[in-house]
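Encoded as structure tokens, the structure appears first; notes follow it.
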Amino acid sequence: APAQEAAAPAQEAAEAPADDAEVALDIDADPRLQAAVDYLTPIFKLMGVEDFTFSALKKGEATILRVSGSHMGALIGRRGETMESLSYLASLVVNRMEGPYVKLGLDVGGYRGKREDDLTALAKRIADRVIRTGCYYEMEPMNPYERHIIHTAVADIEGVRSESKGEGPSRRVVIYSTDPNASNLPDRDNARNARGGRREGGRGRRDGRGPRREGRGGR
């Protein structure tokens, strides 16, 4: 089941730490990381994944538990939703134990880094379009993790702003121009694509490997 929206603030904070420096962590020396591994291992096996290994690292304020092995698609799920649900559950296990709060995230088969790169590039392309046209652009519905990546990317671009609209699975990011002279009308091509059932950053592959091309994203 997808992670609950209520868990979004803790999850989203873990997905995009400010400092990109990575420091390897010893799982065996950290009882809470070991507890996360012990919790996830039987779940993975029940999901039919037998060949996998764990490693951990610190990236900014986030602790990332990496999973590598064979048949990782089952653990990633459609647009990373299974991975985020597992991440949420593992975070609950870790933070019920004694110690400071841990911003825990899973990275299954390198999916997290690739997805962040893809969505950041997508946000920049759409932001450029919004700046050029003065029209706002409504993206397709995304999960909290993906929306956070878009908001983070847009925050670094002068001339645009973003906000989330909608509820539940229909919640999406809208990017607006901050130019006081901008029309901020709907992007005509965006509106036409929406009527036709397609949007920038659209449906992803079911194997969790992300977008094949622009407009067919993996959140």
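In segment 120-146, the residues that are outside the structural domain of Val160 (by the TED database) and within 19 Å of Asn181 (Cα to Cα) never reach a residue that is at pLDDT 95 or above and in a strand (DSSP E or B) with C-beta atoms less than 9 angstrom apart, at least six apart or across chains.
With the condition kept exactly as written, say whether any residue in segment 87-103 is at pLDDT below 95, surrounded by 19 or more Cβ atoms within 10 Å (Cβ to Cβ) and of a type in the set (Val, Ile, Thr). The answer is yes, given that some residue of segment 87-103 is at pLDDT below 95, surrounded by 19 or more Cβ atoms within 10 Å (Cβ to Cβ) and of a type in the set (Val, Ile, Thr).
When every residue of segment 177-194 is checked against the conditions, at least one turns out to be assigned by the TED database to the domain that holds Arg147, assigned to a strand (DSSP E or B), open to solvent by less than 80 Å² (accessible area, probe 1.4 Å) and modelled with pLDDT of 70 or more.
Within segment 126-176, the set of residues being part of a strand (DSSP E or B), aliphatic (A, V, I, L, M) and within 30 Å of Ser85 (Cα to Cα) comprises Met139, Val173, Val174, Ile175. Listed by first and then second residue, the pairs linking a residue in segment 72-84 that is among the hydroxyl-bearing types (Ser, Thr, Tyr) to a residue that is assigned to a helix (DSSP H, G or I), with Cβ atoms under 9 Å apart and 6 or more places separating them unless they lie on different chains, are Thr82/Ala74; Thr82/Leu75; Thr82/Ile76. Scanning segment 33-46 for residues being under 22 Å from the mean Cα position of the chain (by Cα) and either of a type outside the set (Phe, Trp, Tyr) or not in a helix (DSSP H, G or I) (or both) gives a total of 5.
The values are calculated or read from the model by the stated rules, or taken from the named source; none is laboratory data. Please read all numbers here as calculations on a predicted model, not as lab measurements. Neighbour counts are summed over all protein chains in view; Cβ atoms, including those assigned to glycine, are modelled from backbone coordinates with ideal geometry. Heavy atoms of the whole protein, side chains included, go into the accessibility calculation; ligands, DNA and RNA do not. Shrake-Rupley method; radii C 1.70, N 1.55, O 1.52, S 1.80 Å.
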